[in-house]
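The values are calculated or read from the model by the stated rules, or taken from the named source; none is laboratory data. Note that this is a predicted model, so its numbers are computed, not measured. Note that each Cβ is placed from the backbone with ideal geometry, even for glycine, and that neighbours are counted across all protein chains shown. Accessible surface areas use protein heavy atoms only, side chains included; no ligands, DNA or RNA. Shrake-Rupley method; radii C 1.70, N 1.55, O 1.52, S 1.80 Å.
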Amino acid sequence: MTDAKLTHFAEDMKPPRERPWFLSVLIHVALVAASIVMLYPLLWMLSGSIKDQNEIFGTASLIPSQFDFSAYARGWFGGQVTFGTFVWNSVVIAVLSVLGNVVSCSLAAYAFARLNFWGKNFWFALMLGTLMLPYHVTLIPQYILFLKLGWVKTMLPLVVPKFLAVDAFFIFLMVQFFRGIPRELDEAAMMDGCSPWRIYWRIMLPLSLPVLATAAIFSFIWTWDDFFGPLIYLSDINTYTVQLGLRSFVDSTGSSDWSSLFAMSSLSLIPVFLIFLFFQRLLIDGIATAGLKR
């Protein structure tokens with residue numbers, strides 16, 4: 001080995017130079033300041049939920065002059081129906097949407113990733129093309145279809161399409177993950193007499209837990225936060241979701257109950273927060289490993 005190579009090798013083996021302590025302090029201070037700026041609207045909403053109605057817009061302070069928790073009871077029981085009805089409707093729609101997306105999209109992704117059929121590349125490209133279509137382009141044809149079926153004013157338009165693999169993003173995500181699973185596992189299973197269905201059920205799904213969890217988490221959050229879909233198809237207050245229920249606290253005449261709105265908005269964040277809290281690792285693994293060779 002030449003002297004130049006030895007010198008280069010010795011430089012590579014040197015431990016990384018430590019960052020100066022004052023630079024680390026500045027970076028941490030900047031990150032904390034940025035976090036406070038991003039969290040301030042959330043903290044202001046939480047503070048507004050325990051403030052008096054007249055104090056919410058009268059000061060920018062996060063600390064109320066006196067703590068008033070009556071907005072939570074007023075927001076939960078003060079409407080035509082309890083806010084628990086909205087929560088239950090959102091839970092039903094979100095859980096069914098998660099189940100539909102995970103089952104249907106995983107089946108479609110397994111077909112694209114593992115099976116051979118006529119026009120597979122064409123149908124896959126066509127499926128990816130739907131990602132470029134804005135939702136508003138297909139809204140009117142979908143509404144006319146559901147109107148003819150008699151599904152308008154029910155939850156069916158928000159749930160049934162999820163069982164038909166309509167979310168191309170989840171299909172693409174799962175296809176990339178399935179392609180990273182060694183095909184030798186499929187071949188070994190086929191030699192043991194497994195059908196494609198058993199390979200999907202016994203091999204692909206157990207190995208694809210991270211990407212399935214990612215699809216489930218995003219599906220739940222997007223469905224829980226959806227406002228436009230329920231606004232179009234739901235008209236009975238007994239079928240309203242959380243987002244439509246929050247809208248009922250805002251009055252165009254100026255008599256809005258802001259403290260109750262902030263209180264119920266704070267409660268509506270709890271399911272999403274818990275999802276991220278308990279499934280954060282699966283979410284990161286599913287996004288990080290999709291499309292990578294395993």
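Odds and ends about this structure:
- Test for L164: is it in contact (Cβ under 8 Å) with a residue 40 or more places away in the chain, loosely packed, with under 14 Cβ neighbours inside 10 Å and outside the structural domain of Q53 (by the TED database): yes
One line per residue, one yes/no per condition, for (1) on the phi > 0 side of the Ramachandran plot; (2) open to solvent by 30 Å² or more (accessible area, probe 1.4 Å); (3) outside any loop (DSSP other than H, G, I, E, B):
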site	(1), (2), (3)
Q53	no, yes, no
G58	no, yes, no
S61	no, yes, no
P64	no, no, no
G75	no, no, yes
Q80	no, yes, no
F86	no, no, yes
N89	no, no, yes
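- Enumeration of residues in the range 230-255 that are surrounded by fewer than 17 Cβ atoms within 10 Å (Cβ to Cβ), within 30 Å of S106 (Cβ to Cβ) and in contact (Cβ under 8 Å) with a residue 60 or more places away in the chain: I232
- Which numbered condition V98 misses (of (1) open to solvent by 10 Å² or more (accessible area, probe 1.4 Å); (2) among the β-branched types (V, I, T); (3) in a loop (DSSP other than H, G, I, E, B)): (3)
- In the range 185-206, of all residues being out of contact with any Pro (no Cβ under 9 Å at 6 or more places or on another chain) and in contact (Cβ under 8 Å) with a residue 60 or more places away in the chain, the one that is farthest from S266 (Cα to Cα) corresponds to P196.
- Within the range 124-138, residues that are under 11 Å from F172 (Cα atoms) reach partners that are assigned to a helix (DSSP H, G or I) and open to solvent by 50 Å² or more (accessible area, probe 1.4 Å) with beta carbons closer than 8 Å, at six or more positions or on different chains, in the pairs M127/F172; L128/F172; L131/F169; L131/F172.
- Cβ-Cβ distances below 9 Å connect the following pairs, each with a first residue in the range 14-40 that is modelled with pLDDT of 85 or more, a second residue that is of a type in the set (D, E, K, R), and a separation of six or more residues or different chains: I27/R19.
- Only listed residue being surrounded by 15 or more Cβ atoms within 10 Å (Cβ to Cβ) and of a type in the set (S, T, Y), chosen from T154, T138: T154
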